[in-house]
1. Quick check, is Leu186 over 17 Å from Glu150 (Cα atoms), of a type in the set (A, V, I, L, M, F, W, C) and modelled with pLDDT under 85?
2. Those residues that are out of contact with any Lys or Arg (no Cβ under 9 Å at 6 or more places or on another chain), surrounded by 12 or more Cβ atoms within 10 Å (Cβ to Cβ), closer than 29 Å to Tyr88 by Cβ and without any contact (Cβ under 8 Å) to a residue 40 or more places away in the chain, I need them from the stretch 15-43; list them, please.
3. Of all residues in the stretch 71-92 being of a type outside the set (D, E, K, R) and buried (at least 16 other Cβ atoms within 10 Å of the Cβ), which is nearest to Val5 (Cα to Cα)?
4. Condition check: part of a helix (DSSP H, G or I), hydrophobic (A, V, I, L, M, F, W, C) and out of contact with any Asp or Glu (no Cβ under 7 Å at 6 or more places or on another chain). Does Phe24 satisfy that?
5. Just the residues that are aliphatic (A, V, I, L, M) and touching a residue at least 60 places away in the same chain (Cβ under 8 Å), please, taken from the stretch 205-221.
6. Please state which one of Leu91, Leu3, Leu43 is assigned to a helix (DSSP H, G or I), touching a strand residue (DSSP E or B) at 6+ places or on another chain (Cβ under 7 Å) and not acidic (Asp, Glu).
7. For Glu154, work out the one condition from (1) within 15 Å of the chain's Cα centre (by Cα); (2) closer than 16 Å to Val221 by Cβ it doesn't fulfil.
8. Just one of (1) out of contact with any Pro (no Cβ under 7 Å at 6 or more places or on another chain); (2) under 23 Å from Glu154 (Cβ atoms); (3) among the charged types (D, E, K, R); (4) modelled with pLDDT of 80 or more trips up Glu52, so point out which.
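The values are calculated or read from the model by the stated rules, or taken from the named source; none is laboratory data. Since the structure is predicted, the reported quantities are computational estimates derived from the model, not experimental observations. As a convention, Cβ positions derive from the backbone with ideal geometry for all residues, glycine included, and neighbour counts pool all protein chains shown.
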Amino acid sequence: MNLIVYANYGEPNARIMHGHDHDFDDIRSHEHNRFIEQRIQELAGDARSIIEEKEQRLVMRVKAAIREYYFTKSESAKKEFEEANGAYPFLFSRAWRELRDERARFAGAAEPAAPTPIAEAPRPRPLPEEQPEVAAPLDVVYPLDPELREDVLEIERMIVDLVSDLEALKEKGSADDILVQTCRKLVTRARESLQAKVPSDFNARRLESTRSALATTWRQVRSRLK
């Protein structure tokens, strides 16, 4: 019996993730047939565990490469996660979501809770429109072209930084309503520019316009933080 597990089965970039040949005695009996059925189930379960372990290792490598590129702009790290995005797009998306969630949890844990006096009533939860902006788009299909993909990654980083600095500016009391509304509209449009169903949907001119608008507004926010 041949056990083969494919990644991207049926796609041009399909590849074998795991394979193994198993030899069994050729016995024609009901008992042996039931034995083979049981062994097939066991081998399928073992293969699933092996694949899950391989996937987890790959996700960890992709996350490490994305972190390295974010801080160092290393071309080798960029090449590594670009190749992973092309070969294993679903695992790349999983790695990106995990990084985004980790960043959100870290940001929440880093904010110390203000002590509440005993006589003070608890503060009401903010209304939905007062909730902090989500820093990154929920689902992004990355373009196949390396330059366009770099533009998308740069826009995502700028969204994260702009929202983070805007929250800091609001805490200082230096963010007026016009600036807040401008940033919200800009972030919304930026997210819309990244919401492509297929890689070919991205438009280079629109991405450049989005990046330029984000950079201009971000500089304004940063100038008020100084």
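1. Spelling it out, it is not the case that Leu186 is over 17 Å from Glu150 (Cα atoms), of a type in the set (A, V, I, L, M, F, W, C) and modelled with pLDDT under 85.
2. Hits for the stretch 15-43 are His20, Ile40.
3. Of everything passing the filter in the stretch 71-92, Tyr88 is nearest to Val5 (Cα to Cα).
4. No: the conditions fail for Phe24.
5. Pass one, the stretch 205-221, residues aliphatic (A, V, I, L, M): 207, 213-215, 221.
Passing the criteria: none in range.
6. Leu43
7. Only one criterion is unmet by Glu154, namely (2).
8. Result: Glu52 passes all but (2).
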